[in-house]
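Here is the structure we will look at, set down as structure tokens.
The values are calculated or read from the model by the stated rules, or taken from the named source; none is laboratory data. Treat the numbers as computed from the prediction; the structure is a model and nothing was measured. Backbone-built Cβ (ideal geometry, glycine too); neighbour counts: all protein chains shown.
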Amino acid sequence: MVTLTFPERVAPKGSKIKYPQVEVTWYDGGLQPPKPAGWPAGKNMNDDGGGVIFHGSKDTLICGCYGKDPWLLSGRKPVVPKTERRVENAMNGGHEMDWVRACKESPESRVKSKSDFSEAGPFNEMVVMGVLAVRLQGLNKELEWNGEKMEFANIGDSDSVRLTISDNFTIVDGDPKFNRPDIKLNAKEFAAEMVKHTYRKGFTLPDMPA
């Protein structure tokens, strides 16, 4: 479980929309959030591989994986104007083929894909940053992410983490005995390496015969 806190943002000039602080809690590995009051008895939170709960000031919006089948906890059926282009035929490529279509179109007349990199990039940054935070949970503190520098701002030069390199156990008289060797690493260097990996030199093929 990872909790991400996005601070309040300044609204664009002329916009009447407020951007208050938002807290996102990501559950994985079979964990699920507490069911909000009024949740239908017996209804599974997992809808086609996942689910999302948006806690609003007037209602609670629920949807399945990737926004599938949204519904309101109150039971209301709002009439919402469609302002965004829909990507159809999910079974025949969906967003992937929408991206292929955009790649093939002329830059002068191209219709931008709905799952554009301008959105997918920051979203992916959030996800992998959360994964890295799990690897650094041994620091036992709330981590502050600097998106511009692509690094955690509050990891000290002397901070270290222990990583388990294998998880072994044997059964002795019916009692499991664990052997979990680990290694100690500099946390700042480890995080930097995970963010920007140092790849080994690639393979080369032998010269072809003349």
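For residue 172, are the conditions met, namely being hydrophobic (A, V, I, L, M, F, W, C), without any contact (Cβ under 8 Å) to a residue 12 or more places away in the chain and out of contact with any Gly (no Cβ under 8 Å at 6 or more places or on another chain)? Spell out the reasoning first.
Working: hydrophobic (A, V, I, L, M, F, W, C): yes; without any contact (Cβ under 8 Å) to a residue 12 or more places away in the chain: yes; out of contact with any Gly (no Cβ under 8 Å at 6 or more places or on another chain): yes.
In short, yes.
Taking the condition under 19 Å from residue 159 (Cα atoms) and among the aliphatic types (A, V, I, L, M), does residue 131 pass?
Spelling it out, residue 131 is indeed under 19 Å from residue 159 (Cα atoms) and among the aliphatic types (A, V, I, L, M).
Does residue 201 qualify as being modelled with pLDDT under 90, closer than 28 Å to residue 84 by Cα and assigned to a loop (DSSP other than H, G, I, E, B)?
Working: modelled with pLDDT under 90: yes; closer than 28 Å to residue 84 by Cα: no; assigned to a loop (DSSP other than H, G, I, E, B): yes.
Here the answer is no, as residue 201 does not meet what is asked.
To keep it simple, each residue is scored yes or no on (1) surrounded by 10 or more Cβ atoms within 10 Å (Cβ to Cβ); (2) within 28 Å of residue 125 (Cβ to Cβ); (3) not assigned by TED's automatic domain parsing to the domain that holds residue 139.
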position	(1), (2), (3)
176	no, no, no
186	yes, yes, no
190	yes, yes, no
201	no, yes, yes
207	no, no, yes
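For residue 110, work out the one condition from (1) of a type outside the set (Gly, Ala, Ser); (2) over 24 Å from the mean Cα position of the chain (by Cα); (3) surrounded by fewer than 11 Cβ atoms within 10 Å (Cβ to Cβ); (4) assigned to a loop (DSSP other than H, G, I, E, B) it doesn't fulfil.
It is condition (3) that residue 110 fails.
Filter the range 131-155 down to the residues that are of a type in the set (Gly, Ala, Ser) and surrounded by 10 or more Cβ atoms within 10 Å (Cβ to Cβ) and list them by number. Lay out the reasoning, then the answer.
In the first step, residues of the range 131-155 are kept if they are of a type in the set (Gly, Ala, Ser); the result is 133, 138, 147, 153.
133, 138, 147 - these are the residues of the range 131-155 that are of a type in the set (Gly, Ala, Ser) and surrounded by 10 or more Cβ atoms within 10 Å (Cβ to Cβ).
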